[in-house]
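**Q** Please see the structure below; I have some questions.
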Amino acid sequence: MTRKITVPDIYGPSPQKLADGSLYLPRDVGSLKLLKKECNGKIIYYDWDLSFADTTFASREDNFGKDEVQLIFNMSQPIEWQIDGGRELVTMLPGEVCVFRNNNCRTSMSYDKSVSFQFKSMQMPTSYFEQLLSQYFPNGQIERFKALFLSHVTKTLITQDMYRVLSEIDSSEKFKEFAGVFVEAKMIELVALVLYGISYDTAESLPRKGAASLTVSMTDRQRLESLRQRIQFQPEDEYNPAEIAASLSMSESKLARLFRSLYGTSLHRYVQEQRLDKAASLLVRGGMNISEAACRSGYTNMSWFAKEFKEKFGLTPKKFAMQCSSALPENC
């Protein structure tokens, strides 16, 4: 039996972070974990993780009076999506992103029971989306973009660059008081990447019922995304490829191939980049010497750390720390 529910206004005023979505989804219906980040009051980013106890048809009668552009990134499961009472039917596969103008439309999705659905989404007023277009594109191109993005659902594949920016938004807290400006820049970058992908890739030819086959299974994609998030928040840990591959039930060669396929870099390089970023953030905050910052970021060889740090930031760790300590607090 399929349970039918009406979705409440999750997009109303709420705390910046929602670890528990039981306020919106009763526990007997399912579970919802939700993370919200906001950019200058214009663009809002949500990270969704939800599941339902029974097969569920969830509908929203309207968009609570809002006219906005939504970007929806499907991270885990195929899902059927109905727009404007079934006027447009869209199958979203894992690894796809949809752009959609919700001008107070009725929308609904069908969810299988006891399955984890993971999405990331961004939304902004349509007026703000049009403002972005007018700032950066000539009139002729603006009209083409409006016809492409504002009249129907358009989708494309999530690229390596999009995955990278999504992961950077998710881990923005590591930048402490600078997280706000960092998130704003990354949201604009993500919008640009999606518009570029749709405009110049295969989006216009993707069928509504089906899409290009993915080289990474849903299970492997979820496992690798969990690994990537762990690296971002704990880069100082030891990441032995053989042990990681065994824990993920795959070979080392498969781990290397899939990680590069998803994130555009090797596992080793990704770990090193996150370690260097953490070391730099520790030095920016001050109160810690270079050796301690390096050790707390996962480095044991100081010569290697200094070499890698200079290659990435253009300064030795010592000069970097001195430059930060001499700058005004609000600038470093």
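The values are calculated or read from the model by the stated rules, or taken from the named source; none is laboratory data. Because the structure is predicted, anything quoted here is derived from the model rather than measured. All Cβ positions, glycine included, derive from the backbone under ideal geometry; neighbour counts span all protein chains shown. Just the protein is used for accessible areas: all its heavy atoms, side chains included, with ligands, DNA and RNA removed. Shrake-Rupley method; radii C 1.70, N 1.55, O 1.52, S 1.80 Å.
**Q** Restricting the first residue to region 268-281 and requiring it to be β-branched (Val, Ile, Thr), which pairs with a second residue that is open to solvent by 30 Å² or more (accessible area, probe 1.4 Å) meet a Cβ separation below 9 Å and a spacing of at least six or different chains?
**A** Pairs found: 271/237.
**Q** Does residue 43 satisfy the criteria of being in contact with a Phe, Trp or Tyr (Cβ under 9 Å, 6 or more places away or on another chain), modelled with pLDDT under 80 and either charged (D, E, K, R) or open to solvent by less than 20 Å² (accessible area, probe 1.4 Å) (or both)?
**A** Answer is no for this residue.
**Q** If you don't mind, there's one more thing I want to ask. Among (1) without any contact (Cβ under 8 Å) to a residue 40 or more places away in the chain; (2) assigned to a loop (DSSP other than H, G, I, E, B), there is one condition residue 306 misses while meeting the rest; what is its number?
**A** (2)
**Q** Those residues that are part of a strand (DSSP E or B) and open to solvent by less than 20 Å² (accessible area, probe 1.4 Å), I need them from region 61-71; list them, please. Outline the logic, then answer.
**A** From region 61-71, those part of a strand (DSSP E or B) are 67-71; that's our starting set.
Hits for region 61-71 are 68, 69, 70, 71.
**Q** What pairs can you find where one residue is in region 135-161 and part of a helix (DSSP H, G or I), the other is small (Gly, Ala, Ser) and open to solvent by 70 Å² or more (accessible area, probe 1.4 Å), and their Cβ atoms are less than 7 Å apart, with a gap of 6+ or different chains?
**A** Correct list of pairs: 142/134.
**Q** Mind checking whether some residue in region 142-150 is among the acidic types (Asp, Glu) and at pLDDT 85 or above? Let's see the steps before the verdict.
**A** Keep residues of region 142-150 that are among the acidic types (Asp, Glu), which gives 143.
Adding the requirement that they be at pLDDT 85 or above leaves 143.
Within region 142-150 (the criterion being among the acidic types (Asp, Glu) and at pLDDT 85 or above), the answer is yes, since at least one residue qualifies.
**Q** Also, I was wondering about something else. Which one of these is closer than 28 Å to residue 228 by Cα and either among the polar types (S, T, N, Q) or open to solvent by 60 Å² or more (accessible area, probe 1.4 Å) (or both): 135, 77, 82?
**A** Step by step, each of 135, 77, 82 is checked, and only 77 is closer than 28 Å to residue 228 by Cα and either among the polar types (S, T, N, Q) or open to solvent by 60 Å² or more (accessible area, probe 1.4 Å) (or both).
**Q** Under 8 Å by Cβ, and 6 or more places apart or on different chains, what pairs join a residue from region 310-328 that is open to solvent by less than 100 Å² (accessible area, probe 1.4 Å) with one that is β-branched (Val, Ile, Thr) and modelled with pLDDT under 85?
**A** Partner pairs satisfying both residue conditions: 324/284.
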